[in-house]
Amino acid sequence: MAMALQISTLIQEWLESRPAIKAGAEKNPNAVRFGIISTAAINPIAIIRPVETHPDAVIKAIASRNLAKAQAVAKKYNIKKAYGSYDELLADPDIDAVYISLPNGMHGEWAKKAFAAGKHALIEKPISANGDEAISVFESAKEHNCIAMEAFHWRFHPAAHVVKSIVQSGRYGRVLTTYARMTTPAGTIPKSDIRWNWDLGGGSLMDMTYVVSATRFFLGVGAPAKVEHAKARPMKEDARVDEAMEASLVFETDTGPVRSVIKTDMNQAYAAHILPKVWELPSIRLELEHATIYFYNFVMPHVYHYIQITDKRTGQKSTQKHYSFGPLWGPRSEPWWSTYRYQLEAFVDKVAGLHPVHWIEPADSISQMRTLDAIYDESGLMKRSNTSGKKI
């Protein structure tokens with residue numbers, strides 16, 4: 001299902017951004033000049049297409065460990081330069097910032113190399129292999145006076161801001177419990193994929209870390225006070241890698257403790273052994289004193305989403321959808337913008353010295369990784385280690 005959402009996003013971005021491009025999305029001479037580190041499949045939807053419609057952003061180069069591959073991608077997307085190593089790209093003085101879409105275990109290492117080269121970095125989630133490395137990433141960014149942000153794109157969408165504003169308003173009382181899930185039908189992710197590779201920071205909790213991100217975002221908290229329970233379903237080929245994870249966490253909020261359950265599954269069994277559970281798009285349910293809020297498809301709400309509120313006092317149900325505006329963006333948004341386009345808007349603002357509409361602070365990303373570490377520890381699996389110094 002995650003793959004289907006990505007394909008839908010790619011099609012949507014390509015079709016709906018055409019008018020903006022044809023209208024003359026001429027680049028500002030002071031546009032932020034991006035380089036892309038890796039030729040990962042996520043690049044078109046996460047950075048290439050969004051940059052096409054942003055007048056203050058341009059992609060100057062892309063790098064792979066295979067020059068021919070970098071050249072092929074560069075030609076396909078009209079990127080001027082292609083490099084056969086990441087170090088070559090970082091040495092390019094014509095680049096201001098990099099987008100890092102390497103395997104999870106390599107994020108921290110190359111982010112720090114980018115900062116040492118004087119480049120800002122937009123780093124794919126999870127920002128690092130573990131909490132300790134996350135701290136070192138931000139220490140490095142500060143040392144070199146560079147901007148670093150974890151790319152939790154969904155958090156920049158108006159729908160996410162609407163849900164948070166409803167929770168924070170207090171009109172439905174305090175939050176009692178939450179439940180967040182993200183699954184992918186069995187067989188969708190081939191076993192050769194990096195998401196199954198321990199040395200590259202693989203595992204369902206690492207890949208589907210959105211469920212922890214959403215829980216923490218809507219509660220407005222850091223790491224949990226306690227991980228009550230965590231159970232992993234290890235993959236048969238490598239018992240260190242979680243095929244699925246389910247955990248119960250306790251967070252301390254300003255209004256009291258909240259028990260939160262998260263579920264991830266990269267190999268979800270089919271219904272009746274034949275039907276993929278397509279209805280299980282990423283979602284989060286927040287149980288408040290006086291209402292239940294259900295946010296369906298919070299990860300890619302630009303494709304489709306709904307926010308259903310059930311008032312416990314009246315039994316009345318209402319449904320909302322928000323593709324632009326919202327409590328933060330206002331008129332500075334377009335209904336065709338993807339979550340990645342909103343994220344780019346904020347990142348470019350930050351690099352330009354402006355105040356972004358929304359931002360993911362270092363402490364937030366560190367708490368995110370500390371939470372993953374704690375879940376892995378409780379489950380009996382080891383937290384992930386970075387790949388620095390390893391031969392991958």
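Here are the numbers for the structure shown:
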item: Lys125 long-range amide H proximity, modeled H, under 5 Å; result: Ala151
item: Spatially near lysine pairs across region 23-152, Cα under 22 Å, sequence gap of 8 or more or different chains; result: 25
item: Heavy-atom surface of region 154-379, accessible at 1.4 Å and reported per residue (Å²); result: 40
item: Length gained when the stretch Ala239-Glu88 is fully extended (0.36 nm per residue, less Cα-Cα span); result: 50.7 nm
item: About the Cα centre, charge dipole magnitude for region 128-278 (Lys/Arg +1, Asp/Glu -1 at Cβ), debye; result: 740
item: Among 153-160, 260-267, 69-76, the order from most to least packed when residues are scored by Cβ within 10 Å on average; result: 153-160, 260-267, 69-76
item: Region 154-379: Lys pairs at Cα distance under 27 angstrom, eight or more positions apart or on different chains; result: 22
item: Principal axes of region 23-152: Cα extent on each, largest first, Å; result: 45, 30, 26
item: Share of carbon and sulfur in the accessible heavy-atom surface of region 235-392 [1.4 Å probe, %]; result: 53
item: Under-5 Å amide H pairs with Thr177, H placed in peptide plane, nonlocal only; result: Glu287
item: Dipole of region 189-290, positive direction: furthest Cα of Ala230, Gly203, Pro190, with charges on the beta-carbon; result: Pro190
item: Dipole of region 23-152, positive end: most advanced residue of Ser38, Phe138, Ala70 [Cβ charges, Cα centre]; result: Ala70
item: Per residue value of the accessible surface for region 44-112 (all protein chains in place, 1.4 Å probe), Å²; result: 38
item: Convex hull volume of region 291-390 per residue (C-alpha atoms, cubic angstrom); result: 194
item: Calculated P(r) of region 133-211 - Cα pairs past 16 Å, %; result: 72
item: Size of electric dipole in the chain: Cβ of Lys, Arg +1 and of Asp, Glu -1, about Cα centre, debye, nearest 20; result: 720
item: Integer Hz, Karplus 6.51/-1.76/1.60 couplings in order for region 87-96, x for Gly and Pro; result: 4, 4, 5, 5, 7, 6, x, 8, 10, 9
item: Charge dipole (debye, nearest 20) of region 23-152; +1 at Cβ of Lys and Arg, -1 at Cβ of Asp and Glu; result: 540
item: Calculated from backbone phi, Karplus (6.51, -1.76, 1.60) coupling profile of region 70-85 in Hz, x at Gly/Pro; result: 4, 5, 5, 5, 4, 5, 4, 10, 6, 8, 5, 10, 10, 10, x, 7
item: Kirkwood-based shape ratio for region 154-274, expressed as Rg/Rh from alpha carbons; result: 1.03
item: Accessible surface of region 23-152, 1.4 Å probe, proportion on carbon and sulfur as whole %; result: 48
item: Cα radius of gyration and Dmax for region 80-162 (Å); result: 13.4, 43
item: Per-pair calculated FRET efficiency, R0 = 22 Å: Glu334 and Lys80 via Cβ, rounded to 0.05; result: 0.25
item: Hz values of 3J(HN,Hα) by residue in region 326-339 - Karplus curve (6.51, -1.76, 1.60), Gly and Pro given as x; result: x, x, 10, 7, x, x, 7, 6, 10, x, 8, 5, 7, 4
item: Kirkwood Rh (inverse of mean 1/r, distinct Cα pairs), region 154-379, angstrom; result: 18.5
item: Kirkwood Rh and Cα Rg combined as Rg over Rh, evaluated for the chain; result: 0.95
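The values are calculated or read from the model by the stated rules, or taken from the named source; none is laboratory data. Keep in mind that this is a model prediction, so the values were computed, not measured. All Cβ positions, even for glycine, are placed from backbone atoms using ideal geometry, and neighbour counts span all protein chains on display. To get the accessible areas, we keep the full protein, side chains included, count just its heavy atoms, and leave off ligands, DNA and RNA. Shrake-Rupley method; radii C 1.70, N 1.55, O 1.52, S 1.80 Å.
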